[in-house]
Amino acid sequence: RAPVRATPGTAADPAPLHRRALTLAGRALVVAASRADTAAAILAAERMDAHTAALAAPRELSAAH
């Protein structure tokens with residue numbers, strides 16, 4: 001399986017990348033839990049939360065500040 005890569009300059013839907021990242025963070029959480037690595041488990045859970053939120057409320061980036 002080829003790695004997932006974003007092509008610069010395209011307006012592609014980021015949802016597939018968020019789903020993949022969510023899956024990978026879930027796997028990292030399982031590994032961290034099996035090793036009793038609390039810090040890694042917390043980090044993986046935070047990443048899962050971030051990607052879940054991005055999937056739940058997609059928003060467009062704006063050039064306005």
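The values are calculated or read from the model by the stated rules, or taken from the named source; none is laboratory data. This structure is a prediction, so every number in the text was calculated from the model and none was measured. Cβ placement follows ideal geometry from the backbone for every residue including glycine, while neighbour counts extend to all protein chains displayed.
Details
- Listed by first and then second residue, the pairs with beta-carbon distance under 6 Å, at least 6 apart or on different chains, first residue in the stretch 15-36 and closer than 13 Å to residue 47 by Cβ and at pLDDT below 95, second buried (at least 18 other Cβ atoms within 10 Å of the Cβ) and aromatic (Phe, Trp, Tyr), form an empty list.
- Only one of the numbered conditions (1) under 17 Å from the mean Cα position of the chain (by Cα); (2) among the β-branched types (Val, Ile, Thr); (3) at pLDDT below 90 is violated by residue 10, and that is (1).
- In the stretch 15-52, the residues that are surrounded by 14 or more Cβ atoms within 10 Å (Cβ to Cβ) and part of a loop (DSSP other than H, G, I, E, B): 37
- Any pair with Cβ under 8 angstrom, 6 or more apart, that starts in the stretch 43-65 at a residue that is farther than 11 Å from residue 26 by Cα and at pLDDT below 90 and ends at one that is among the aliphatic types (A, V, I, L, M) and outside any loop (DSSP other than H, G, I, E, B): 58/15
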